[in-house]
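Visitor: Sharing a structure here in structure tokens format.
The values are calculated or read from the model by the stated rules, or taken from the named source; none is laboratory data. From a predicted model like this one, the values you see are computed outputs, not experimental measurements. Positions of Cβ are backbone-derived with ideal geometry, glycine not excepted, and every protein chain shown enters the neighbour counts. Accessible surface is based on the protein model in full, side chains and every heavy atom, while ligands, DNA and RNA are left aside. Shrake-Rupley method; radii C 1.70, N 1.55, O 1.52, S 1.80 Å.
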Amino acid sequence: MSFASKSPWLIHYDGSSCNGCDIEVLACLTPVYDVERFGVINTGNPKHADIFLITGGINKQNEEVVKQIYDQMPSPKVVVAVGACACNGGIFKECYNIMGGVDKVLPVDIYVSGCAARPEAIIDGVVKAVALLDEKSKSISQGR
Amino acid sequence: MIKIVSTVLYLVFAPVFGGLLAGVDRKITARMQGRKGPPILQPFYDIFKLFSKEAIVVDHLQNLFVIGYLVFIIFTGCLFFYGGDLLLAFFAITLAEIFLIMCASSANSAYSSMGSQRELLQMMAYEPMILIVAIGFYIATGSFSVGEIITSQTSAIATTPGIFLGYLYILTIKFRKSPFDLSTSHHAHQEMVKGLTVELSGRTLGITELAHWYENTFLIGIIAIFIINATWWSWIVALAVCALAYFMEILIDNTYARVKWKVLLNSSWIVAFGLGILNLLALYYIK
Ligand code: SF4
């Protein structure tokens with residue numbers, strides 16, 4: 001039995017977001033939505049995290065940062081792109097400094113749409129990520 | 001015989017008790033904040049997950065130190081539940097603490113070495129009171145041995161109320177609860193992420209968590225031996241006092257913001273001298 005899905009700890013990274021999506025991510029932690037009831041903890045530490053939640057697009061400056069955080073996370077891990085910007089660049093897509101969505105540099109598993117993404121959608125994305133986490137940890141333990 | 005049974009019970013059930021305590025703690029905390037909160041078994045899900053994850057080791061010495069931490073905490077608890085020497089138990093737990101600090105500082109990372117420095121400070125804050133507790137038990141009951149303390153005619157608390165309160169005060173530091181959770185915290189996202197445990201991941205983090213559960217069981221046991229005497233009903237009173245004390249810890253955790261290290265150090269020394277030493281002097285006087 002895998003416990004990965006019962007205790008998804010996440011790290012939230014703000015790429016070049018307008019902060020709209022970040023506020024919605026934090027709203028998930030408030031008493032109204034309370035994601036901790038699913039065991040979700042916002043760790044802020046890549047080494048403790050299972051889910052990498054990214055808001056905002058990727059630019060030249062944060063490209064390395066995002067990769068670094070991803071590499072520091074122990075597997076199994078899942079990447080969730082939150083908001084239009086993280087999915088494909090959103091309204092900043094045409095900007096000279098924006099490279100595009102998160103999938104330009106990382107293998108994104110779950111895309112959460114919306115501008116800003118609604119807390120319900122984010123929770124839905126996290127729940128999907130959790131199911132994927134289970135699958136990944138199963139395939140890892142079989143691979144052993 | 002009964003000594004060996006209680007030691008084995010501790011070895012097997014301390015993690016269960018510690019985990020349930022953490023689960024209840026998180027539930028009550030969530031309710032105090034108007035949230036629904038995670039299931040009671042959440043800490044067990046967390047720890048099983050940690051043990052199934054890949055462990056990224058920054059420095060291989062870390063593994064050794066973390067295991068040293070666990071082993072000495074378990075040794076402390078076994079000694080205590082065997083009815084052994086209280087003073088020795090306190091020394092062993094200090095050694096365990098040192099292992100944790102070494103582990104954190106071996107990682108060569110800013111957050112984790114800051115965490116280890118703060119942990120040292122916390123030790124400086126609570127150690128005097130811990131020693132006073134041991135001496136207090138000795139003067140009140142005539143023995144350092146836990147087995148004799150719990151079979152004495154009167155409860156230790158009857159003559160050591162000040163020391164009891166002082167112990168409760170430093171317990172907030174030991175339980176890593178706000179306002180004294182300087183070095184690391186149960187709540188994620190403090191100013192230096194997770195402090196002490198920031199560089200630990202997967203299995204190694206799981207081991208520190210497990211050790212913490214063993215430690216909490218031991219610390220609550222100390223509260224109990226203040227109350228327990230030769231009568232059977234004192235055990236029930238002790239249980240109630242332990243539950244109440246832990247509830248107060250949760251309440252304080254949720255109602256106070258973290259203090260700076262100077263406040264921590266000064267206040268715990270003032271408590272140690274104000275309540276602890278005065279109580280000791282009074283004990284000398286009446287004995
Ligand atoms: S998707 Fe919209 S709200 Fe979210 S970061 Fe982009 S612009 Fe802001």
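Visitor: With each run of n ≥ 4 DSSP H residues scored as -39500 (n - 2.57), what mean residue ellipticity at 222 nm is computed for chain B after dividing by its residue count and rounding to the nearest 500 deg cm²/dmol?
Guide: Values: 11 runs with 203 residues, N = 287.
Calculated from helices alone, the mean residue ellipticity at 222 nm is -24000 deg cm²/dmol.
Visitor: Treating only the Cβ atoms of Lys and Arg (+1) and Asp and Glu (-1) as charged, compute the dipole magnitude of chain B about its Cα centre; round to the nearest 20 debye. Write out the running numbers ahead of the final one.
Guide: On the way: 18 positive and 16 negative charges, 128 e Å.
With Lys and Arg at +1 and Asp and Glu at -1, about 620 debye.
Visitor: Peptide A:31-38: average number of partner chain Cβ atoms within 10 Å per residue? Mind showing how you got there, number by number?
Guide: Values: counts 5, 2, 2, 7, 2, 9, 7, 3.
The mean count of partner-chain Cβ atoms within 10 Å per residue comes to 5.
Visitor: Ordering B:K287, B:K260, B:K194 by accessible area with a probe of 1.4 Å, largest first, what comes out? Kindly include the intermediate steps, with their values, before the conclusion.
Guide: Working: B:K287 135, B:K260 155, B:K194 35 Å².
Per-residue accessible area, sorted high to low, gives B:K260, B:K287, B:K194.
Visitor: What does the accessible area of B:I2 come to, in Å² to the nearest 10, when a probe of 1.4 Å is used?
Guide: 140
Visitor: Which residues in the range A:3-18 place their backbone N less than 13 Å from a point set 7 Å from the Cα of B:M32 along the Cα-to-Cβ direction?
Guide: none
Visitor: With only Lys, Arg, Asp and Glu charged, each at its Cβ (+1 for the first two, -1 for the last two), find how big the charge dipole of the protein assembly as shown is about the Cα centre; round to the nearest 20 debye. Don't skip to the end; give the middle numbers.
Guide: Values: 31 positive and 32 negative charges, 85 e Å.
It works out to roughly 400 debye.
Visitor: Between the range B:1-72 and the range A:16-56, what is the separation of their alpha carbon centroids in Å?
Guide: For the range B:1-72 versus the range A:16-56, the Cα centre distance is 24 Å.
Visitor: How much of B:W213 can a 1.4 Å solvent probe reach, expressed as accessible area in Å² and rounded to 10?
Guide: Number for this one is 10 Å².
Visitor: Could you tally the net charge around A:K47, taking each other residue with its Cβ under 15 Å from the Cβ of A:K47, Lys/Arg +1 and Asp/Glu -1? Working shown, then result.
Guide: Details: positive: A:K77, B:K49, B:K53, B:K194, B:R203; negative: A:D50, A:D71, B:D46, B:E54, B:D59, B:E199, B:E209.
It works out to a net charge of -2.
Visitor: Once you put a point 7 Å from the Cα of A:I140 and another 7 Å from the Cα of B:L239, both along the Cβ direction, what distance in nm separates them?
Guide: Modelled inter-label distance: 4.1 nm.
Visitor: Related question: Check each of the chymotrypsin sites (Phe, Trp or Tyr not before Pro) in the range A:60-116 and keep only those in coil by DSSP with at most 16 other C-beta atoms within 10 angstrom; list them in order. Mind dumping the intermediate values first?
Guide: Working: sites: A:Y70, A:F92, A:Y96, A:Y111; in loops: A:Y96.
Those that pass, being in a loop and sparsely packed, are A:Y96.
Visitor: A 31 angstrom limit on the alpha carbon distance is what I want to check against. Which of B:K49/B:K177; B:K27/B:K194; A:K60/B:K177; B:K3/B:K49; B:K53/B:K262; A:K128/B:K260 exceed it? Before the final figure, lay out the partial values.
Guide: Working: B:K49/B:K177 24 Å; B:K27/B:K194 21 Å; A:K60/B:K177 41 Å; B:K3/B:K49 34 Å; B:K53/B:K262 38 Å; A:K128/B:K260 41 Å.
Checking Cα-Cα distances, A:K60/B:K177; B:K3/B:K49; B:K53/B:K262; A:K128/B:K260 exceed 31 Å.
Visitor: DSSP loop trypsin sites (Lys or Arg not before Pro) in the range B:9-59 with at most 15 other Cβ atoms within 10 Å of their Cβ, which ones?
Guide: On the way: sites: B:R26, B:K27, B:R31, B:R35, B:K36, B:K49, B:K53; in loops: B:R35, B:K36, B:K53.
Here the sparse-neighbourhood loop sites are B:K36.
Visitor: While we're looking at this one, here's another question. How far apart, in nm, are two points set 7 Å out from the Cα along the Cα-to-Cβ line at B:T151 and at B:M124?
Guide: If labels sit at B:T151 and B:M124, their model points lie 4.3 nm apart.
Visitor: Please identify, among A:E94, A:E63, A:E120, the residue showing maximal mean-square fluctuation in a Gaussian network model of chain A using a 10 angstrom Cα cutoff.
Guide: A:E94
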